[in-house]
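Participant: Following this message is one structure expressed as structure tokens.
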Amino acid sequence: MFIVFEGIDGCGKTTQAKALADWLTEKGYSVVLTSEPTKGRMGQFIREILSGKEKLQPESLALLFTADRYEHLVNEVVPAIEEGKVVISERYYYSTIAYQTAQGVDRTWLFEMNKFVVKPDLVIFLDVKPKMAVLRKEGKEIFEDREFLEKVYSQYVNFQDMQRIDGSKEQPEVFNRITALVSRLMK
């Protein structure tokens, strides 16, 4: 099973993905908790760009994210799924589409580039408005300002294959909604 958490920066993906991984592990499932960008060399370079240490054109950044995703799928996600594990990923190709389209990159080109992706069994969009999300963020990456996150948010709401959960609620309430979705999927 492949579960993806999506949403703008500050929506609670990390908190909820970790809580779900712990919950599933307690229920006896073998779980792989992962994220994009990955912890590999390409992912580390992407993180440098996101921190503002390096500058790159939006199209080049999209290519890097996509290359990192390909390696992520081949080396981690697909083997884990084939071994019967539950894979939980913070971010996936939806992030590339939303963030890079918000930077002005052609949406169709981004979808074409990501035709190789494995379809997740469940995509959870933690719906938090940018105004609240920027208040939650402690770090400062290049994409973490309210005006830009408004553009990203408007791209995310165009996806039809995500389960939207109001991420502005208290963490336990959000988590209960997530586990209800996952429980239905596991039956």
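The numbers here are math on the coordinates, done by the rules we state, and not lab data. In this text the structure is predicted, and so the values were computed from the model without any measurement.
Participant: Let me check against my output: what whole-number percent is the relative contact order of the stretch 2-186, with C-alpha pairs under 8 Å and at least 6 apart?
Facilitator: Contact order relative to length: 34 percent.
Participant: Now for a different question. As an exercise, find the ratio Rg/Rh for the chain from alpha-carbon atoms, using the Kirkwood inverse-distance average for Rh.
Facilitator: Dividing the radius of gyration by the Kirkwood radius yields 0.94.
Participant: Taking amide hydrogens as modeled 1.01 Å from N in the peptide plane, which residues meet the under 5 Å criterion relative to GLU54, leaving out close sequence neighbours?
Facilitator: Long-range HN contacts for GLU54: ILE49.
Participant: Pairs on different chains or at least eight residues apart, Cα atoms closer than 16 Å: how many lysine pairs in the stretch 61-187 fit?
Facilitator: For the stretch 61-187, qualifying lysine pairs total 8.
Participant: SER35's amide H: which non-local residues (gap 5+, or another chain) put their own amide H closer than 5 Å, with H modeled 1.01 Å from N in plane and none for Pro or chain starts?
Facilitator: It is GLU90, by chain and number.
Participant: Enumerate the calculated ³J(HN,Hα) couplings along the stretch 45-62 in order (Karplus 6.51 cos²θ - 1.76 cosθ + 1.60, θ = phi - 60°), each rounded to whole Hz, writing x wherever the residue is Gly or Pro.
Facilitator: 3J(HN,Hα) across the stretch 45-62, in whole Hz: 5, 4, 4, 5, 5, 5, 6, x, 6, 10, 10, 8, 5, x, 5, 5, 5, 4.
Participant: I need the phi-derived Karplus couplings for the stretch 79-90: 6.51 cos²θ - 1.76 cosθ + 1.60, θ = phi - 60°, integer Hz, Gly and Pro marked x.
Facilitator: x, 5, 4, 5, 7, x, 8, 8, 9, 10, 10, 7
Participant: On to the next question. Can you give the helix-only mean residue ellipticity at 222 nm for the chain, where every DSSP H stretch with n ≥ 4 adds -39500 (n - 2.57) and the sum goes over all residues, rounded to the nearest 500 deg cm²/dmol?
Facilitator: Per the formula, -15000 deg cm²/dmol.
Participant: OK, next. I'd like the Karplus ³J(HN,Hα) series for the stretch 154-171: coefficients 6.51, -1.76, 1.60, θ = phi - 60°, whole numbers in Hz, and an x wherever there's a Gly or Pro.
Facilitator: Whole-Hz 3J(HN,Hα) from phi for the stretch 154-171: 5, 6, 4, 5, 7, 6, 9, 9, 10, 8, 8, 10, 5, x, 7, 6, 4, 3.
Participant: List every residue whose amide H lies under 5 Å from the amide H of PHE2, counting only residues 5 or more places away in sequence or on a different chain, with H placed 1.01 Å from N in the peptide plane.
Facilitator: Amide H neighbours of PHE2, under 5 Å, 5+ apart: VAL87, ASP121, LEU122.
Participant: Express in whole angstrom the spacing between the alpha-carbon centres of the stretch 141-187 and the stretch 1-25.
Facilitator: The stretch 141-187 and the stretch 1-25 have Cα centres spaced 10 Å from each other.
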